[in-house]
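The values are calculated or read from the model by the stated rules, or taken from the named source; none is laboratory data. Here the structure is a predicted model, which means the values were calculated and not measured. Cβ placement follows ideal geometry from the backbone for every residue including glycine, while neighbour counts extend to all protein chains displayed. Ligands, DNA and RNA are excluded from the accessible area calculation, which covers all protein heavy atoms including side chains. Shrake-Rupley method; radii C 1.70, N 1.55, O 1.52, S 1.80 Å.
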Amino acid sequence: MAAKKLTVGVLGLTALAACSAQDLTADPILRAPASAQQRIGDNGHPVYVVSVTADGAGIAASVGARPLNVFGHAIHGFTAELPPAAVTALRRNPHVISIEPDTPVHAYGQVVPTGVDRMETERLLPFGSGTAIDVDVAVIDTGILAGHEDLNVFRMTDCAIRGPYNSTCKDGSAKDGHGHGTHVAGTIGALDNDVGVVGVAPGARIWAVRVLNDQGNGYLSWIAGGIDWVAAHAGEIEVANMSLGGNGSDDGNCGYSNDDIEHQAICGLVAKGVVVVVAAGNEGDDAASHRPAAYDEVITVSALSDWDGLPGGFADQSLNCRFNPADPTDPDNFETDDSLAYFSNYGADVDIMAPGYCITSTWNDGGYNTISGTSMASPHVAGLVALYMARQGVVSTSAADTVAIRDAIAGAGLAQDSACGLATDDDDDGFSETLAFSNATLLGGDGSCGEPTCAADVDCDDGLFCNGAETCDPARGCVAGVAPCADDGDACTDTVCDEDLDQCLYPDNGTCCDVNADCDDGDDCTDDVCNPDRTCSNPDNGTCVPVGIEVLACSPSTIAPNQRLTVAVSGAGFATGAAIDFGAGIALQSLTFVSDTALSAAIKASNKAALGPRDVTVTNPDGSSGVCVGCLTVQR
């Protein structure tokens, strides 16, 4: 009798070509970190890299500079230690194209995917410290790329085979010819290292169980075999993820009343204490009509559409990786941030919601990819369950234990109508599942979510985020158009100088030195301070001469589509409260005034950002502005 073919498909809606196969591995082209300090030469002057039209050595000699390097192939130019007078002279030379500070460089590092970020996992775990979660998770899927540098693949077996073998599955191999299983594995447990992405339970030991072929399809026999193999290792595996499905229902009797062998197998696995997490499905209908999503014994996960890793629904379509302007009727064009994904199944069988839209994770080519679907939501919860069990020492040996874990995880989630829940009331099926939440007190977190307050971050230098043009006010938090927390060169380190008390606040309470005491920014105040209203305080109370803005360089000077980056902008004449514009497709997430010659901007390039050079414009509150032509380049 021919094998019964099960209509099984991986529940992952592939991303548009424009946002697929995004490789986030360390770029061999090195870029300067935002905190980089300019290189200082042997004579005590800053070192600059200068590009010219021709004859770099000759132009260097014209200002008395001794080149450290001379370029003449890809570009013409030189590197040299330059005193201020030489820099000024070069800027006036019509043969000089650009002058950029020589700053340290490093390879691009690890990023926190939006889904992991939206669950507030980084508030619970100190990412960047090599965190490794001691837990075992089975991924019942298309297999996994065992050699991926960002995964801890512990054991492998291939159940998508035709035999004959002495057992249902063949151990030692689970090659992923599709990519789906590798992507799921990364969301669960991508390593906390210096490359790629990081998972919800970083470093979890992944057991690769291949039950679907390279097209993402399989047979009932393969899936039953994979579940049976995991059950044989139930003493070692805590959690199993199944981001797959087909048509079916729950008979309320573990499949023994309606001859559902998959249900019977899952009940047998759960009876051994393994928590099974499954995708709700992508049909946009009731999960009760789809298996294994309909089964009461599993944790069924619907998909949250979130594009920026933050609550509130603030992200616009520039961050929607599936936005398709070529087809005005495409349902992705009508999707909104922080909502139930339009394709997600729903209903009473859904236990919890997790990010499943534009999710970046590991891929079977050794790189990374961004795709969408409830298949991407399910591993967020599988990772969350694994994280909970490992951190809290929870042991599961029975079906009752798995139910208790399911109820605990769902009960600790964020309510849909909470401040960190959905931005739109579009989950109107009458069953408002909670949103998966890593920073819950259940897992040892402090229960906080959303944008961090900047109340204790009085000099705005630790990366706490204010939306759009907002800045940190030490008393009120994030305030639109106010930037009182600038680093103004006083003697307070990582604190703010309270000028009324003449003290440094948070934490050292020391004594402030005079702020900008010599007014060395080119105004006509001598040994005095230039006030924001352009007047000088003591002794002469004269009028300050406004200083024009000059925007010189961005470091790093390149950004890739869909990349977040902190850019150091150098120049002259910047004022507290300055605004900055990087052009269409590049969203400003925060802007920090460092000094009158430096700004720090956290930006995000959309997937649709046009490739090529961009002008960067800085505008002071008084309306004066400056432009750096071609300062930032969007490139893949």
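Quick notes on this structure:
- Residue within the stretch 240-252 that is of a type outside the set (D, E, K, R), over 12 Å from Pro292 (Cβ atoms) and touching a helix residue (DSSP H, G or I) at 6+ places or on another chain (Cβ under 9 Å) present: no
- Taken over the stretch 232-248, the criterion of being open to solvent by 20 Å² or more (accessible area, probe 1.4 Å) and modelled with pLDDT under 95 is satisfied by Ala232, Asn247, Gly248.
- Out of Ala579, Ala568, Ala605, Ala572, one residue alone is at pLDDT below 90 and open to solvent by 10 Å² or more (accessible area, probe 1.4 Å). It is Ala572.
- Qualifying residue in the stretch 348-360 (condition: among the aliphatic types (A, V, I, L, M) and farther than 27 Å from Ile140 by Cα): no
- Checked against the criterion of being open to solvent by less than 10 Å² (accessible area, probe 1.4 Å), part of a helix (DSSP H, G or I), at pLDDT 90 or above and touching a Pro at 6+ places or on another chain (Cβ under 8 Å), the stretch 289-304 contains not a single residue that satisfies it.
- The set of residues in the stretch 378-415 that are more than 21 Å from Asp306 (Cα to Cα), of a type in the set (Gly, Ala, Ser) and assigned to a loop (DSSP other than H, G, I, E, B) comprises Gly393, Ser396, Ser398.
- Residues that are closer than 20 Å to Gly218 by Cα, touching a strand residue (DSSP E or B) at 6+ places or on another chain (Cβ under 8 Å) and open to solvent by 50 Å² or more (accessible area, probe 1.4 Å), drawn from the stretch 256-288: Glu283
- Subset of the stretch 191-230 [assigned to a strand (DSSP E or B) and out of contact with any strand residue (DSSP E or B) (no Cβ under 6 Å at 6 or more places or on another chain)]: Gly218
- Residue in the stretch 419-433 that is more than 20 Å from Thr187 (Cβ to Cβ), modelled with pLDDT of 95 or more, open to solvent by 30 Å² or more (accessible area, probe 1.4 Å) and part of a loop (DSSP other than H, G, I, E, B) present: no
The rows are residues; the columns are (1) modelled with pLDDT of 95 or more; (2) farther than 18 Å from Ala386 by Cβ.
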{"site": "Ser167", "(1), (2)": "no, yes"}
{"site": "Asp176", "(1), (2)": "yes, yes"}
{"site": "Ala185", "(1), (2)": "yes, no"}
{"site": "Ile188", "(1), (2)": "yes, no"}
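- Residue match in the stretch 256-265 (condition: under 22 Å from Asp176 (Cβ atoms) and assigned to a helix (DSSP H, G or I)): yes
- Of residues in the stretch 111-134 being closer than 23 Å to Ser606 by Cβ and part of a helix (DSSP H, G or I), the one modelled with the lowest pLDDT: Glu122
- Filter result for the condition that a residue is modelled with pLDDT of 95 or more and either touching a helix residue (DSSP H, G or I) at 6+ places or on another chain (Cβ under 8 Å) or surrounded by 22 or more Cβ atoms within 10 Å (Cβ to Cβ) (or both), over Val137, Val96: Val137
- For the stretch 581-595, the set of residues classified as more than 15 Å from Gly630 (Cα to Cα) and out of contact with any strand residue (DSSP E or B) (no Cβ under 7 Å at 6 or more places or on another chain) consists of Ser595 only.
- Residues in the stretch 563-621 that are closer than 20 Å to Leu310 by Cα, in contact (Cβ under 8 Å) with a residue 40 or more places away in the chain and among the hydrophobic types (A, V, I, L, M, F, W, C): Leu565, Ile586, Ala587, Leu588, Leu591, Ala602, Ile603, Ala605.
- When residues of the stretch 351-372 are limited to those that are assigned to a loop (DSSP other than H, G, I, E, B) and open to solvent by 10 Å² or more (accessible area, probe 1.4 Å), the one nearest to Asp427 (Cα to Cα): Asp351
- Of the residues in the stretch 183-193, not one is open to solvent by 10 Å² or more (accessible area, probe 1.4 Å) and more than 25 Å from the chain's Cα centre (by Cα).
- Failed item, numbered, when Ser375 is tested on (1) part of a loop (DSSP other than H, G, I, E, B); (2) over 18 Å from the mean Cα position of the chain (by Cα): (1)
- Number of the condition not met by Phe323 [criteria: (1) open to solvent by 20 Å² or more (accessible area, probe 1.4 Å); (2) hydrophobic (A, V, I, L, M, F, W, C); (3) at pLDDT 90 or above; (4) under 18 Å from Thr434 (Cα atoms)]: (4)
- Close pairs from the stretch 71-84: first over 11 Å from Ile59 (Cα atoms) and among the charged types (D, E, K, R), partner open to solvent by 40 Å² or more (accessible area, probe 1.4 Å) and outside any strand (DSSP E or B), Cβ under 6 Å, at least 6 apart: Glu81/Asn43; Glu81/His45
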